[in-house]
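Colleague: Dropping the structure in here first, questions after.
The values are calculated or read from the model by the stated rules, or taken from the named source; none is laboratory data. Quantities reported herein were computed from a predicted structural model and do not represent experimental measurements. Heads up, the Cβs are rebuilt from the backbone with ideal geometry, glycines too, and the neighbour counts pull from every protein chain shown.
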Amino acid sequence: MLFLAGFLPAMLTGCSPLAYINGAVPADASKTDTDLAYGPSPRQRLDIYAPIDARNAPVVVFFYGGNWRTGERADYRFVGDALATHGIVTVIADYRLYPEVAYPGFLQDAALATAWTYTHIARYGGNPGKLFVAGHSAGGYIAAMLALDPRWLAGVGMQTTQLAGLIGMAGPYDFLPITGRDLRPIFHYPDTPPDSQPINHVTAAAPPALLVTGTADTTVDPVRNTGHLGQVLQGAGASVQVIRYPNVGHKLLIGSLSRPMRWRAPVLDDIVSFVASTPAPAAKPEQ
């Protein structure tokens, strides 16, 4: 499925949708530092997009989707452009994929990338004291697990209380029992542990969350996943905002961050507003 009418020019010229939307990013829109290692594996690399005049700016670590099987950080240049040109230092991290790793290997990578960001982002103009994790689809799952399940950040010497917030974009947060055959080996079916589900880690201490989805999403059920997680967070007394965009599908949700498609839904505006209005954690992060 393409991102609707905005990709007609790409179809006519033979470009892929991602090439089309990334091609709309001006070369000098932000300061970029690419191919930075946060671990020894070839997949443990990240790119940084910073506002031209970044100084103590909020930081978003973004994880892309792809069923934990596919994805490349370079394909999400448009995400870095969108956030950096709105005052947010943005880190886009690769992580190891199946079959190189299964659950929880990609969570361990994501935690390591987040810890690297916390330690090093000040030199790129970011404020480690206002650090958000974000992701779309499988990446939304990863971000939610980092924010809600303390095991992963604890493994790299951090705490979930050091996060300013969670930005989940159409993530699968509650998907047991696993019905998709391609997902079963990734999560060790039929022995998938219940604690692999973000929904099972909600407490009142959860970081503030912005959960966004499209009502036309047929890939990740917006009611069972985004809606249910929002309800459970609210019931636990955590701070959560749920936004549903009418007639927006799974791919269009992330595509609407790109310059050609922002007219389709105010996803970027809502993310920028959430980051701006969410205070830094009350507790000073430990060094």
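One line per residue, one yes/no per condition, for (1) surrounded by 19 or more Cβ atoms within 10 Å (Cβ to Cβ); (2) within 25 Å of P104 (Cα to Cα):
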{"position": "G180", "(1), (2)": "no, yes"}
{"position": "P185", "(1), (2)": "no, yes"}
{"position": "Y189", "(1), (2)": "no, yes"}
{"position": "T203", "(1), (2)": "no, yes"}
{"position": "T215", "(1), (2)": "no, no"}
{"position": "V220", "(1), (2)": "yes, yes"}
{"position": "P246", "(1), (2)": "no, no"}
{"position": "R264", "(1), (2)": "yes, no"}
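Colleague: Restricting to the stretch 171-201, name every residue that is out of contact with any Gly (no Cβ under 6 Å at 6 or more places or on another chain), assigned to a loop (DSSP other than H, G, I, E, B) and closer than 17 Å to A134 by Cα.
Modeller: Selection gives P172, Y173, Q197.
Colleague: Ok, one more. From the list D47, D81, pick out the single residue that is within 21 Å of F274 (Cα to Cα), at pLDDT 95 or above and under 17 Å from the mean Cα position of the chain (by Cα).
Modeller: The unique qualifying residue is D81.
Colleague: Out of L210, L253, L163, which single residue is touching a His at 6+ places or on another chain (Cβ under 8 Å), buried (at least 17 other Cβ atoms within 10 Å of the Cβ) and either at pLDDT 95 or above or closer than 16 Å to A143 by Cα (or both)?
Modeller: None of the others qualify; the one that does is L253.
Colleague: Here is a follow-up. How many residues are among the polar types (S, T, N, Q) and either crowded, with 18+ Cβ neighbours inside 10 Å or closer than 29 Å to P194 by Cα (or both) if we restrict to the stretch 94-130?
Modeller: Residues flagged as among the polar types (S, T, N, Q) and either crowded, with 18+ Cβ neighbours inside 10 Å or closer than 29 Å to P194 by Cα (or both) within the stretch 94-130 amount to 3.
Colleague: Of all residues being outside any strand (DSSP E or B) and not small (G, A, S) in the stretch 131-146, which is surrounded by the most Cβ atoms within 10 Å (Cβ to Cβ)? Just the residue, please.
Modeller: The selected residue is I142.
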